[in-house]
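Please read the structure below before turning to the comments.
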Amino acid sequence: MSGRAQPENGKGGGGRRLPPLLRDVTLWRQLGRTYALSVIAGAIAVWAGIPLPWMLGPFFAWAAMSLMGLRPTLMPMGRELGQVAIGVVVGMRFTLPLLLATMSLLPAMFLGTIYVILLTMSAAVLFGWLARVDHVTAFFATAAGGVADMARVAQKFGGVTQSVAVVHALRVACVVGLVPFIVVFLGERGTPPLIADEVTGTVWLVPVALLLGYLGARALKPTPIPNPWLVGPIFVGMALGISGVFHVHVPGVVIVVAQIALGTWLGAQFRREQLGALPRVTAAGLAISLYLVVGAALGAWVFSAATGVAFTTAFLGFAPAAVTEMVLVAKFMDLEAEIVTAFHVLRIAIVASTVLLVFRLYGKLRGVRLEP
């Protein structure tokens, strides 16, 4: 025997099975089609001059195709790994003076978060009236938290989880689809960070930095810290940058790939069957999403006047969803992505820890008893 044929189980040490993911040819073809379309959509967006083209191109394309009933095959952990790359890049921008300046804004950010909570409570009242849903569903559909967490708590109190999911999807879509254009239209570009972005001879350290960012995300995963896939790598990038252990310039192609992964995932979150089954909720959810964007702009204007932070940076911080995407917009415009990150993380942490207290306050104000 020539030894070309090896037993499948490889007991003699000659044959080794590939992992199922690597052996699934059909899956790889489907992934290839999905991301080939995403790349084409991104290239068209570049040609059209759309801001953040490699994210918004795939987002708009797959949102449209999802609404037509087509479902993309997504790369496993594509969104998470994209956030790791973005987090490391943003963390590397931090310097000690910038970190201290960001921390000095925490009291104003706290007040801004209180404003956002009050804004979402008013949105709940309006949404309940427009969509004709119960108070529980209205509150958790408009709360400034993650869709999975809000849907789970809503179900516990007797709310309609499908309506909650639809409104959160529409809110994210409105924020991602509108805010970058508003920021580009209204804002001037900032000054690129003067860190060691042009350091040569450190390309081999890029995989090391990304791996450390991934491990940082994994370390935060069991903790209550919000959005660990972004926050963990930011902490890692900050530690590397401020300590001076090493600096890396993450190639632009890595950020492009991250944007494609994020945009494709976001577009795939639309469900035609959900939107079609709840037309009144969908229409009301769209109106409420626009209401929240306008409310965020008003809060950002006050915050900017009080602190001196650029309006566009404040607007990205007040945006009622999509922390990773807003951080990307800030980086794209060379704005203070660090302030945007801190604002979103603080808001998510406060909302997650106080949502039930705010929920009961909302019930008292509405004159209803809200119990599980």
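Selection of the range 57-84 for residues being buried (at least 24 other Cβ atoms within 10 Å of the Cβ) and among the aliphatic types (A, V, I, L, M) yields only V84.
When V133 is tested against (1) in a loop (DSSP other than H, G, I, E, B); (2) surrounded by 24 or more Cβ atoms within 10 Å (Cβ to Cβ), just one condition goes unmet, and that condition is (2). Cβ-Cβ contacts under 8 Å between residues 6 or more apart (or on different chains), taken from a first residue in the range 348-362 that is within 20 Å of I225 (Cβ to Cβ) to a second residue that is aromatic (F, W, Y), are listed as I350/F110.
Apart from one condition, D334 fits all of (1) at pLDDT 85 or above; (2) at positive phi; the exception is (1). Taking the criterion of being under 22 Å from L266 (Cα atoms) and either outside any helix (DSSP H, G or I) or touching a Pro at 6+ places or on another chain (Cβ under 9 Å) (or both), the residues of the range 143-156 that qualify are A143, A144, G145, G146. Which residue is surrounded by the most Cβ atoms within 10 Å (Cβ to Cβ), if the candidates are limited to the range 136-171 and must be charged (D, E, K, R) and touching a residue at least 24 places away in the same chain (Cβ under 8 Å)? Per the stated criteria, the residue is R171. Here the range 188-205 is the region considered, the condition is being surrounded by 14 or more Cβ atoms within 10 Å (Cβ to Cβ) and under 23 Å from the mean Cα position of the chain (by Cα), and the residue that is modelled with the lowest pLDDT is P193.
Comparison of M55, M1 shows that the only residue that is at pLDDT below 55, of a type in the set (A, V, I, L, M, F, W, C), out of contact with any Phe, Trp or Tyr (no Cβ under 7 Å at 6 or more places or on another chain) and over 16 Å from P76 (Cβ atoms) is M1.
As for the range 355-368, it holds no residue that is aromatic (F, W, Y) and surrounded by fewer than 20 Cβ atoms within 10 Å (Cβ to Cβ). Where helices (runs of 4 or more DSSP H) fall wholly inside the range 206-318, the ranges with 3 or more residues that are under 17 Å from the mean Cα position of the chain (by Cα), closer than 19 Å to L328 by Cα and among the small types (G, A, S) are 252-268. For the range 84-100, the criterion of being assigned to a loop (DSSP other than H, G, I, E, B) and at pLDDT 80 or above is met by none of the residues.
Among the residues making up the range 104-117, those that are assigned to a helix (DSSP H, G or I) and more than 22 Å from the chain's Cα centre (by Cα) are S104, P107, A108, L111. Of everything in the range 89-102 that is farther than 12 Å from V327 by Cα and aliphatic (A, V, I, L, M), the residue that is surrounded by the fewest Cβ atoms within 10 Å (Cβ to Cβ) is L100.
The values are calculated or read from the model by the stated rules, or taken from the named source; none is laboratory data. Please read these numbers as outputs of a predicted model, since none were measured by experiment. Positions of Cβ are backbone-derived with ideal geometry, glycine not excepted, and every protein chain shown enters the neighbour counts.
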